[in-house]
Amino acid sequence: MNNIIRTVHAAKSYTIGEITTFALKDVSLEIPQGSFTCIVGPSGHGKSTLMHLIGGLDRPSGGKVYIGDTEISRMANNELASLRGKRVGFVFQFFNLLQGLTAIENIEIAMMLAGIPESKQRVRAEELLAVVGLTEKAGSKPGQLSGGQQQRVAIARALANDPDILLMDEPTGNLDSVAEAEVLDLLQGLHRQGKTVVIVTHSDEVAKRAERIIRVKDGEIASKII
Ligand SMILES: Nc1ncnc2c1ncn2[C@@H]1O[C@H](COP(=O)(O)OP(=O)(O)OP(=O)(O)O)[C@@H](O)[C@H]1O
Ligand SMILES: [Mg+2]
């Protein structure tokens, strides 16, 4: 199978004053196209950092990151932004919805950024809200939604550019078990359609559904179940 994402000895350090800490020390991994992968591990051990590197939101301080055959760690910022816009959908750990916009507007703005024509935005945004079961909340602002509902808007937004890679950081972190199962069914359906799904999670229920589990510990890969 083709690897859609690959890291080779990827490292990420942060220097504050005279102290350098390594969020990621040395991570080499491959994620096959169309696979469903979970990244698990203790808090503060580098999972979100890894997610940001493989999605091209951040650059490694050492090593290499590839999407397909392209080394994204060397791309210019504008090229990288364009690649992300075309191919990657993110759900962030703290869903980052724009508070002043309604649910549907949050999805439409992602479409605008992805270059989807304005005439198509509303219909497609409505479809995506229906997919996550929030049609009746289209006009609600994030502050008027529950945590789980906000998370579902964030998932709909991640699908706005019809990405082939979905990177999700704790997409079910605020959901009860019923809502979690619904979101997981949704994500499994997307995986069946051929999308590559990578989920950072602390949830055993999420990990049970994955085909591959990568365990991160102390900024390194502790184990892979593939
Ligand atoms: N911008 C930053 N500046 C300095 N240190 C950072 C920065 N971002 C992350 N770190 C540090 O890197 C380490 C890994 O953070 P990361 O967010 O990747 O952890 P995580 O595994 O996602 O944890 P959690 O499960 O709590 O979300 C932590 O020690 C964190 O303090
Ligand atoms: Mg995190």
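Just a few scattered comments:
- Mean-position separation - Cα centroids, region 50-66 and region 79-105, in angstrom: 18 Å
- C-alpha center-to-center spacing [region 125-172, region 26-43] in angstrom: 23 Å
- Counting charges near Glu79 (Lys, Arg +1; Asp, Glu -1) among other residues having Cβ under 15 Å from its Cβ returns a value of +3.
- Stretching Glu127 away from Glu71 to a fully extended chain increases their span by 16.8 nm, per 0.36 nm per residue minus the current alpha-carbon distance.
- Region 124-211, dipole about Cα centre (Lys/Arg Cβ +1, Asp/Glu Cβ -1), debye to the nearest 20: 220 debye
- Judged by the ratio a/c of the largest to the smallest principal axis of the C-alpha gyration tensor, region 46-122 counts as oblate, that ratio being 1.5 or greater while a/b is no larger than b/c.
- Long-range amide H partners of Glu220 with built H, under 5 Å: Lys25
- Degrees separating the helix 118-131 axis from the principal Cα axis of the chain, which is the longest one: 80 degrees
- Computed [θ] at 222 nm, deg cm²/dmol, the chain (DSSP H ≥ 4; -39,500 (n - 2.57); rounded to nearest 500): -10500 deg cm²/dmol
- Angle between the chain longest axis and helix 177-192 axis [Cα atoms, degrees, rounded to 10]: 80 degrees
- Local net charge near Asp218, Cβ-Cβ under 15 Å (Lys/Arg +1, Asp/Glu -1): +3
- The phi-based Karplus calculation (6.51 cos²θ - 1.76 cosθ + 1.60; θ = phi - 60°) puts the 3J(HN,Hα) values of region 64-77 at 10, 10, 10, 10, x, 8, 8, 7, 6, 5, 10, 6, 5, 3 Hz, whole numbers, x for Gly and Pro.
- Cross-link partners of Lys141 among lysines, defined as those whose alpha carbon lies under 23 angstrom from its own and excluding same-chain residues fewer than eight positions apart: Lys120.
- Folded to 0 to 90 degrees: helix 103-113 orientation relative to the chain principal axis, Cα: 60 degrees
All of the numbers you see were taken from the coordinates with simple rules; none came from a lab. All figures in this text were calculated on a predicted structure; none of them were measured in a lab. Glycine also receives a Cβ, built like all others from the backbone with ideal geometry; neighbour counts cover every protein chain displayed.
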